[in-house]
1. If I go through region B:331-383 residue by residue, how many of them are assigned to a loop (DSSP other than H, G, I, E, B) and among the aliphatic types (A, V, I, L, M)?
2. Go through region B:426-444 and report how many residues are within 23 Å of B:ALA377 (Cα to Cα) and buried (at least 18 other Cβ atoms within 10 Å of the Cβ).
3. Among (1) in contact with a helix residue (DSSP H, G or I) (Cβ under 9 Å, 6 or more places away or on another chain); (2) modelled with pLDDT of 95 or more, where does B:LEU294 come up short?
4. Of everything in region A:20-32 that's within 11 Å of another protein chain (Cβ to nearest Cβ) and in contact (Cβ under 8 Å) with a residue 24 or more places away in the chain, which residue is most open to solvent (accessible area, probe 1.4 Å)?
5. Assess whether A:ILE40 counts as being at pLDDT 85 or above, within 14 Å of another protein chain (Cβ to nearest Cβ) and under 25 Å from B:THR319 (Cα atoms).
6. Could you tell me whether region B:113-128 includes any residue that is within 14 Å of chain A (Cβ to nearest Cβ), of a type in the set (D, E, K, R), farther than 26 Å from B:ASP221 by Cα and surrounded by fewer than 23 Cβ atoms within 10 Å (Cβ to Cβ)?
7. Regarding B:LYS387, is this residue out of contact with any Cys (no Cβ under 9 Å at 6 or more places or on another chain) and not in a helix (DSSP H, G or I)?
8. Just one of B:GLU45, B:GLU71, B:GLU94 is surrounded by fewer than 19 Cβ atoms within 10 Å (Cβ to Cβ), charged (D, E, K, R), over 21 Å from A:GLU34 (Cα atoms) and within 32 Å of the chain's Cα centre (by Cα); which is it?
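The values are calculated or read from the model by the stated rules, or taken from the named source; none is laboratory data. All of these numbers come straight from a predicted model, not from anything done at the bench. Cβ atoms come from the backbone with ideal geometry, glycine included; neighbour counts cover every protein chain shown. For accessibility, only protein heavy atoms count, side chains too; no ligands or nucleic acids. Shrake-Rupley method; radii C 1.70, N 1.55, O 1.52, S 1.80 Å.
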Amino acid sequence: MLEITVIIIHEVGLHARPASLFVQTAAKYSSDIEVTHGEITTNAKSILGVLTLGAHKGAEINIKAEGEDAEEALKALEQLVLNNFGEDE
Amino acid sequence: MKSISGIPASYGIAIGSAFVFDRAEIVIETYSIKDPAAEWKRFEEAREKTHHQLDEAYQKTKDDCGEEAAEIFNAQKLMLEDPELINTVKNQVEKDLTNIESALYKTAESYAQQLEAINDEYLSARALDIRDVSSRCLRNLLGTTDSPAAALKIPSIIVARDLTPSDTVLLDKDFVLGFCTAEGGSTSHTAILARGLGLPAVVGVGTAIEDIQNGEELVLDGDAGVIVINPDQGALEEFSSRQEKFYKLQAEAEAITHQPAVTTDGHQVEIVANIGNVEGVQTALDAGAEGVGLLRSEFLYLERSSLPSEEEQYQNYKTIADAFGDKPVILRSLDVGGDKDIPYIDMPAETNPFLGVRAIRLCLSRPELFKPQLRAALRAGYGNNLKLMFPMVATVDDVLKTREVLEECRGELKNEGFDVADEMDIGIMIEIPSAAIMADQLSEVVDFFSIGTNDLSQYTLAADRTNAQVAQIASGFQPAVFRLIKGVIDAAHSNGKWVGLCGEMAGELLAIPILLGLGLDEFSMNPPAIPFAKQLIRSISFKHAQQVAQTALDLRSDTEIREYIQKVIPEVNIG
């Protein structure tokens, strides 16, 4: 199993459009992907789960992936967060 | 005639009949099934149909009200395809042999309740979304398609407990005059939609909404957050003329809002905005703000579980200060304690929190809290016009101690090789009577003052503004408060320093002539008030304002002052 930790820098947090993009990106991979914020862990492909994480701007999230394309999946999710969900600011 | 009130969510006045949006409840029965595969097939068909409907709703809403309001339907699609939701539903159908309607309803409801339990306005709105999309799918399963929206045939004010995106997409916008809902806040779907359409809205009215019957005549005041049911002839005429006058004045005020605030005899003052986050920047610029007179830094500390880092603060302050270029942006250091609490900052309970360890007192006693903010501000102020201001200063010593910590931070940053602002102006808020009285001494150790009238009034009158029984006494229009303000302005001017005001009074048209006459240099207010303030200042003379202020100081009560201003400066009466 592989894992990474990233910080949400997007203004609205892992909500709204960023949450949708995050879930849609995770759904492209066959690996099982879990995301943890604080004490809550959820399926990274579940929008309802990701919203209930309540990850605001500045939140540290941990992403774990297991499966054939785990490495690619983590790389894609990391890029998405680091590129601030494709927004300049 | 009766009036009820709620949260003003979108400006303007609407007059028309009520269209009570009564969504028929869907009745969900629970029973055992024999063929789970057939049941699952029904669900897949209903989901597919729901998808098509959501795509259509997206397109229609995008055309009518823009992309922001439409985006919600894409989020709803993702919710309906949520693998966790589908798994839970599938288990109930296949293992418990529960009918699909009951399984879907219970699962969606459980997610909605989890989202509501987080107690966040944004997530509560998502609870509404999951309920909305599951009801749509349930209606498809049950074959019921009626929407009350189809009955809207004449221009009306929409009245509802809450409006879901699916409800609003079906409303014929040509027949909507305004919105009134029992639930929701200023960022609810209804509020966003109303602002997108430029229609007035009052939300969060509560159970009082049940007083409104379908077809009743209503007046909806989106500025004050008031709804008048069955207005009498007098009220109707009053609101019609206010509506007409308001639109005319608004158009005139907005037309001049990017021009400077200069009196008819050439005296210019600065009109700036109070903002609370990065999103406020554009609103302030659009409203004609000449800078920011109060940037509340609390936004970075709220709704989270740990302190924001220096880096995060730096990024935010810099983004805002850079957006205004060489126009001033005044950052106020963390102002918590009193009635403002932050759970992860350990603040012991106090008998008198308003007289306790709040604002600068808290910061000075907690360097681990204060220093990252000062460092972030010094770094962010490089290459723009960021200024720093400290709240709740009571003594000259408070300023000297604060300056010491600030210089320590500046030294550290330089050693670490950071670019820092060398010439950053430092100001204080004048909100404690001792600071107002000592303004002559204080103006020697700071670059500017900003008067906080909300606190200054409550401390001067010894009346808690959060206690409804005495809040009236804590009025900024008390002659005692104006006399203190005059003393502060005179003391600062004789030391060559300028004075601003960032309390609610700065944007109150009744107060502006007096403050102007007393010599106030900068007025900082919420952006929507800016066009009206500029227009008022441009319509009166400084000389007249000076005479009016002098007379007002000699009156005996806040009521006498208000009545006097209304009489001698008729331009203050816009509503």
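1. Matching residues across region B:331-383 total 8.
2. Of the residues in that region, 7 qualify.
3. B:LEU294 satisfies every listed condition except (1).
4. Per the criteria, the residue is A:ASP32.
5. Judged against the criteria, A:ILE40 is not a match.
6. Within region B:113-128 (the criterion being within 14 Å of chain A (Cβ to nearest Cβ), of a type in the set (D, E, K, R), farther than 26 Å from B:ASP221 by Cα and surrounded by fewer than 23 Cβ atoms within 10 Å (Cβ to Cβ)), the answer is yes, since at least one residue qualifies.
7. Here the answer is yes, as B:LYS387 does meet what is asked.
8. B:GLU71
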